[in-house]
Amino acid sequence: MPESKSPHGVDLVPGGEYVIVSGKLDPHVSAYSVDKIKKAIAAADFEGKDDFGVPILKYDDCIEAHIETGLGPLHSVFDNQGNGYTSHFLDSTVVKWTIGPPYNPPDKA
């Protein structure tokens, strides 16, 4: 998928529903739906290929949310309440955000 300049962090939410991508030069994090990505791949619905021949998925087919978090987002971590926490190197902050329902981890046996 096309991504912002200087992509840095690629993180997966605990339930595996979303891939979170941060671009150091973009004040947003992009949340991509894993289900939408799988469907786009299965449909072979690409917008072209990169210089190495790898198919490029259409951004609009895979994006779930584009979340403004601040300057210089790097990596995101997650709690069990559905919150994401993204660190920033320019703002020197950690920003809390949410994308969906709380994640409920399976009971451990």
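The values are calculated or read from the model by the stated rules, or taken from the named source; none is laboratory data. As the structure is a prediction and not an experimental result, all values here were calculated from the model. FYI the Cβ positions are ideal-geometry reconstructions off the backbone, even for glycines, and counts take in every protein chain you see. Heads up: the accessible areas ignore ligands, DNA and RNA and are worked out on the full protein's heavy atoms, side chains in. Shrake-Rupley method; radii C 1.70, N 1.55, O 1.52, S 1.80 Å.
Kindly state, to the nearest 0.05, the FRET efficiency for residue 34 paired with residue 77, given R0 = 22 Å and r defined as their beta-carbon distance.
So the FRET efficiency works out to roughly 0.75.
With label points built 7 Å along Cα→Cβ from the Cα atoms of residue 96 and residue 65, find their separation and express it in nm.
Label at residue 96, label at residue 65, 1.4 nm between them.
Let me spell out the model: positive unit charges on the Cβ of Lys and Arg, negative unit charges on the Cβ of Asp and Glu, origin at the Cα centre of the chain. What dipole size does that give, in debye rounded to 20?
That gives a dipole near 160 debye.
How large is ³J(HN,Hα) for each residue in segment 55-68, as worked out from phi by the Karplus curve 6.51 cos²θ - 1.76 cosθ + 1.60 (θ = phi - 60°), to whole Hz, x for Gly and Pro?
Result, rounded to whole Hz: x, 9, 6, 6, 3, 5, 7, 10, 6, 9, 7, 10, 10, 7.
Determine, for each peptide in 91-99, 60-68, the mean count of other beta carbons within 10 angstrom over its residues, then list the peptides with the highest first.
Descending mean neighbour count gives 60-68, 91-99.
Run down the aspartates and glutamates and flag those whose C-alpha is under 12 Å from the C-alpha of residue 24, throwing out any fewer than 8 positions away in its chain.
3, 91
Per the 1.4 Å probe, what fraction of the accessible area of the chain, in percent, lies on carbon and sulfur atoms?
56
Can you give the accessible area per residue of segment 46-89, in Å², using a 1.4 Å probe?
58
What ³J(HN,Hα) values, in whole Hz, does the Karplus curve 6.51 cos²θ - 1.76 cosθ + 1.60 give for segment 35-47 when θ = phi - 60°, with x put for Gly and Pro?
Along segment 35-47, the couplings run 4, 5, 4, 4, 5, 5, 5, 4, 7, 6, 9, 10, 9 Hz.
Quick one: which residues, 5+ away or cross-chain, put their amide H under 5 Å from the amide H of residue 12? H built at 1.01 Å from N.
Long-range HN contacts for residue 12: 20.
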